[in-house]
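Comments concern the structure below.
The values are calculated or read from the model by the stated rules, or taken from the named source; none is laboratory data. No experiment lies behind these values; they were computed from the predicted model shown. Cβ placement follows ideal geometry from the backbone for every residue including glycine, while neighbour counts extend to all protein chains displayed. Surface accessibility is based on the protein's heavy atoms, side chains included, excluding ligands, DNA and RNA. Shrake-Rupley method; radii C 1.70, N 1.55, O 1.52, S 1.80 Å.
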Amino acid sequence: GGERLYAGLIRLTVPAGKAAPAPPVGPALGQKGLNLMEFCKSFNDKTKVYKDDTPIPVTITAYSDRTFEYKTKTPNVQHMLKLASGVKKFAKQPGKEVVGEISVRAIYEMALVKKADMLNVSLEGCVSQIIATAKAVGLKVVR
């Protein structure tokens with residue numbers, strides 16, 4: 001077989017369990033000649049643990065022999081905060097406007113999930129980052 005050469009990086013955000021040959025997945029993988037169905041099946045399998053439609057960031061490494069590898073990341077913090085707080089829209093003027101509340105416990109649980117992506121950050125570090133994000137979007141942190 002030929003040598004596997006790096007052919008590019010594709011960054012997408014795909015709804016959990018919903019990868020399909022349609023845009024954005026289809027065109028992005030298609031132009032690199034990657035096996036769409038193989039990616040969709042594998043991604044959907046791997047992400048079925050998340051609630052439907054949870055946006056999952058994914059990085060796909062394409063190789064010249066049309067093979068690929070991919071890594072998924074955990075959903076972004078703002079999405080997790082929306083789910084956990086039940087808030088539909090975040091504050092337009094954070095600091096002046098409170099749109100909802102989030103418990104320290106919910107933040108701790110999010111930190112446990114996010115920790116997988118943040119290898120050099122302690123759990124406390126994850127928690128403080130999430131608290132900062134929560135305040136920035138108008139959520140009040142409660143015990």
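If you go through the range 1-51 and keep only what is surrounded by 14 or more Cβ atoms within 10 Å (Cβ to Cβ), closer than 22 Å to Met80 by Cα and aliphatic (A, V, I, L, M), you end up with Leu12, Val14, Ala16, Ala19.
Per the conditions (1) under 30 Å from Ala106 (Cα atoms); (2) modelled with pLDDT under 95; (3) touching a Phe, Trp or Tyr at 6+ places or on another chain (Cβ under 7 Å), the sole criterion not satisfied by Ala7 is (1). Being open to solvent by less than 90 Å² (accessible area, probe 1.4 Å), out of contact with any helix residue (DSSP H, G or I) (no Cβ under 6 Å at 6 or more places or on another chain) and not in a strand (DSSP E or B) is the requirement here; does Ala134 meet it? Spelling it out, it is not the case that Ala134 is open to solvent by less than 90 Å² (accessible area, probe 1.4 Å), out of contact with any helix residue (DSSP H, G or I) (no Cβ under 6 Å at 6 or more places or on another chain) and not in a strand (DSSP E or B).
Comparison of Thr67, Thr61, Thr54 shows that the only residue that is within 28 Å of Val137 (Cα to Cα) and either surrounded by fewer than 17 Cβ atoms within 10 Å (Cβ to Cβ) or not acidic (Asp, Glu) (or both) is Thr54.
Matching residues to (1) in contact with a Lys or Arg (Cβ under 6 Å, 6 or more places away or on another chain); (2) in contact (Cβ under 8 Å) with a residue 12 or more places away in the chain; (3) of a type in the set (Ser, Thr, Tyr):
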residue	(1), (2), (3)
Thr13	no, yes, yes
Gly17	yes, yes, no
Gly26	no, no, no
Lys48	no, yes, no
Ile56	no, yes, no
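Among the residues of the range 84-107, those that are free of Cβ contacts under 8 Å to residues at least 40 places away in the same chain and either in contact with a strand residue (DSSP E or B) (Cβ under 8 Å, 6 or more places away or on another chain) or surrounded by 14 or more Cβ atoms within 10 Å (Cβ to Cβ) (or both) comprise Ala84, Gly86, Val104, Ala106, Ile107.
Which one of Phe90, Phe39 is aromatic (Phe, Trp, Tyr) and under 30 Å from Glu3 (Cβ atoms)? Working first, answer last.
Details: Phe90 fails: under 30 Å from Glu3 (Cβ atoms).
From the options Phe90, Phe39, the qualifying one is Phe39.
Within the range 52-83, if we keep just the residues that are touching a strand residue (DSSP E or B) at 6+ places or on another chain (Cβ under 6 Å) and hydroxyl-bearing (Ser, Thr, Tyr), the residue that is modelled with the lowest pLDDT turns out to be Ser64.
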